[in-house]
Amino acid sequence: MSALGELSTLGRNKPPGQGKTKKRDNLAGYLFLTPWLLGLFVITIGPMLASLYLAFTDYNLIQAPEWIGLENFTRMLSDQRLHNSLQVTFTYVFVSVPLQLAVALLLAVVLDRGVRGMAFYRSIFYLPSLLGSSVAIAILWKQVFGTEGLLNQVLQPLGFDGKGWISDPSTALGTLVVLNVWTFGAPMVIFLAGLRQIPAMYYEAASVDGASAFRRFRSITLPLLTPIIFFNLVLQIIHAFQSFTQAFVVSGGTGGPSDSTMFYTLYLYDRGFGNFDMGYASAMAWFLLVIIGVFTAINFIASKYWVFYDD
Amino acid sequence: MTTETLRTAVVRRRSATFGRARIRPVLTHLALAAAALVMLYPVIWMVVSSLRPGNEIFREPGLLIKDLEISNYRVGWNALTEPFTRYLLNSAAVVFGAVLGNLVSCSMAAYAFARLEFAGKKFWFSIMLVTIMLPIHVVIVPQYILFSQAGWINTFLPLIVPKFLATDAFFVFLMVQFIRGIPRELDEAARIDGCGKAGIFLRVILPLMVPALATTTIFTFIWTWNDFFSQLIYLTDPKMYTVPVALRSFVDATASTNWGSMFAMSVVSLVPVFLAFLLGQRFLIKGIATTGIK
């Protein structure tokens, strides 16, 4: 079961009596957990609390943090570049994630039909997921969508006018969306694993009843796959909100042209590590956590209406 | 294995019943092959372009090499203040530390969660699951302050030490899932033979969880090798640059003028990922199917 599934069933009651009969050994448990607990407190929770404090301060790393109350947050309200970065990030998330998942699902369904050489195709389609976050691919993207890039070399003989896809503010973000869709292999592999769980007899029964391929997909595959779709959706949204490398490299760290690829994380980096405005960067980080939390919560609430559990 | 063959048989029969014409599989294959080609074309083209003279890169969308030009690699290798060997070694050091750290700390935590009974286990387990989804940005600023006060900027410590503290909770979860599949009778037998908790972990569980350890190794390898954000923040001295940070400063330094050597070094930087992919495909696919990690 996935981490997400595990999380959503945590609250549910386990059969009574279990655990009571088992002998507890607190010392051994906590000894084995020591590295993780240290990490949790020193590397995760400690810094989280510190960042919550810093969010209410003005801090440039040199002078001591100065408490300024909600000033960072009121500043966020009137920060046009921040609003723009939110818009860019939302556009990116809402366009690229559904597209990516749709492509992933389509290919998973095609591959699951027992195509010969399925393992080969699966590997080929999965490979970009491993490469996608690398600087090398961001460099490649910069060239492919550049004025003299590969895309234009292919398009020009077909009669299209070449343009600088990355240097044009209206298309720059689109190239990053394409890059994210290109990494559909990871959700595709999860879909494939999900499709394997659907009993073949459902399809056999449906085809005996004369259901068309489309009907079988709509009435069997899709409903039974909704938990996996949900899982992929939550994960990819969280993932997409945090995109950084590609936009950073493609824009030379500026989020350009005209801030059109200024992801929220890029702006956060710019404030925190470009300008050492650590208080403001912390406030931004917490706002990001709230945004991701809200989206995940909405996803979980909405899932009650569309996610179908077979058991 | 038998369920696998049974399934394929069922699938075959399914497609035999539904595929009205025999042309269908051929079309599917053509479409899949075309899709695969489109997906990989840019990467293949990059490899080919890295072997071309710079001025040809902008004229050639095809894959044929007229003049083989390997000087791109020599030029690129020495284009920055340090030879590229240095960056490769730096990356290798970081990757080695990260892999070792994840293997040791995540397997310990996973053993505790999967096999030991202790007060508060459920609570800590749910905390662990939540941390999987926590964005790094929420902790990066104070972490940076912490590590800079420790004098760790421009060392590999900020990139390695957290791994020894099981901060990559995905792997803890992955290993918990795996250990749950190991029969408890084996633990019992070892216990009767006089093994303690540590003995069971080292002699029974660890040897049996090699596939999970392999998955962790390969994913940690690829992620750490590709990781840019934290390496960019913690490594500012060119001597300490890892491959991604060096590549990025290459882009800035040459200002898009030398695509040939930029591609050459990009290819060099991707070689370890390709190798890890070839060697570890099986584990990668399994790992992602069970936990959804990328």
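Throughout, read-outs are computed from the coordinates displayed, never taken from laboratory work. Just so it is clear, the model here is predicted, and its values are computed rather than measured. Cβ sites come from the backbone with ideal geometry, for glycine too, and all protein chains shown count toward neighbours.
For the range B:216-221, 3J(HN,Hα) computed residue by residue from phi via the Karplus equation (6.51, -1.76, 1.60; θ = phi - 60°) reads 4, 4, 5, 5, 4, 4 Hz, glycine and proline entered as x. Only lysine pairs 8 or more places apart or on separate chains count here, and in chain A those with Cα atoms under 30 Å apart total 4. Peptide packing for B:153-165, B:24-36 was compared via the average number of neighbouring C-beta atoms within 10 Å per residue; ordered from the highest value, the list is B:153-165, B:24-36.
Computed about its Cα centre, the charge dipole of the range B:79-289 is approximately 360 debye, with only Lys, Arg, Asp and Glu carrying charge at their Cβ.
Between B:A150 and A:T74, the simple label model (points 7 Å from Cα in the Cβ direction) yields a spacing of 3.8 nm. If R0 is taken as 60 Å, the Cβ-Cβ distance between B:L208 and A:Y202 corresponds to a FRET efficiency of 0.95.
When only the Cβ of Lys, Arg, Asp and Glu is charged (+1, +1, -1, -1), the dipole of the protein assembly as shown relative to its Cα centre reaches about 2300 debye. Scanning residues 5 or more positions from B:M209 or on other chains, none has an amide H under 5 Å from its amide H, with H placed 1.01 Å from N in the peptide plane. Our summary gives chain A a relative contact order of 27 percent, counting only alpha carbon pairs under 8 angstrom and 6 or more residues apart.
Using the Cα coordinates of chain B, the gyration tensor eigenvalues translate into equivalent-ellipsoid semi-axes of 40, 33, 15 Å, sorted from longest to shortest. Given points 7 Å out from each Cα along the Cα-Cβ axis, report the B:V104 to A:W67 separation in nanometres with one decimal. Here the modelled spin labels are 4.1 nm apart. Potential lengthening of the chain between B:A33 and B:A93 amounts to 17.8 nm, from the contour at 0.36 nm per residue minus the alpha-carbon distance. Computed from phi, the 3J(HN,Hα) profile of the range B:193-201 under the Karplus parametrisation 6.51, -1.76, 1.60 (θ = phi - 60°) reads 6, x, 7, x, 4, 5, x, 4, 4 Hz, with x in place of Gly and Pro. Backbone amide hydrogens, once placed in the peptide plane, bring A:T57 within less than 5 Å of A:I68, excluding anything fewer than 5 places away on its chain. Along its three principal directions, the equivalent ellipsoid of the range A:188-248 from the Cα gyration tensor extends over semi-axes of 33, 10, 9 Å, largest first.
With semi-axes defined as the square roots of five times the eigenvalues of the C-alpha gyration tensor, the equivalent ellipsoid of the protein assembly as shown measures 37, 35, 25 Å, largest first. Helices in chain A, meaning DSSP H runs of at least 4 residues, each add -39500 (n - 2.57). Divided by all residues, the mean residue ellipticity at 222 nm is -20000 deg cm²/dmol. Using C-alpha pairs below 8 Å separated by at least 6 residues, the relative contact order for chain B is 29 percent. Separation of the range A:64-89 and the range B:101-122, taken as the distance between their Cα centroids, equals 40 angstrom. Of all aspartates and glutamates in the structure, those lying under 17 Å Cα to Cα from B:K163, and not within fewer than 8 positions of it along the same chain, are B:D227. In order along the range A:50-62, the phi-based Karplus estimate (6.51 cos²θ - 1.76 cosθ + 1.60, θ = phi - 60°) of 3J(HN,Hα) comes to 4, 5, 5, 5, 4, 4, 9, 10, 9, 8, 10, 6, 9 Hz; Gly and Pro are listed as x. Using Stokes-Einstein with the Kirkwood hydrodynamic radius over Cα pairs, what translational diffusion coefficient do you get for the range A:79-304 at 4 °C and a viscosity of 1.567 mPa s, in µm²/s rounded to a whole number? Rounded, D is 67 µm²/s. A straight chain from A:F308 to A:L52 at 0.36 nm per residue would run longer than the Cα-Cα distance by 88.4 nm. Note on the range B:61-97 and the range A:264-311: Cα centroid distance 37 Å, given to the nearest whole angstrom.
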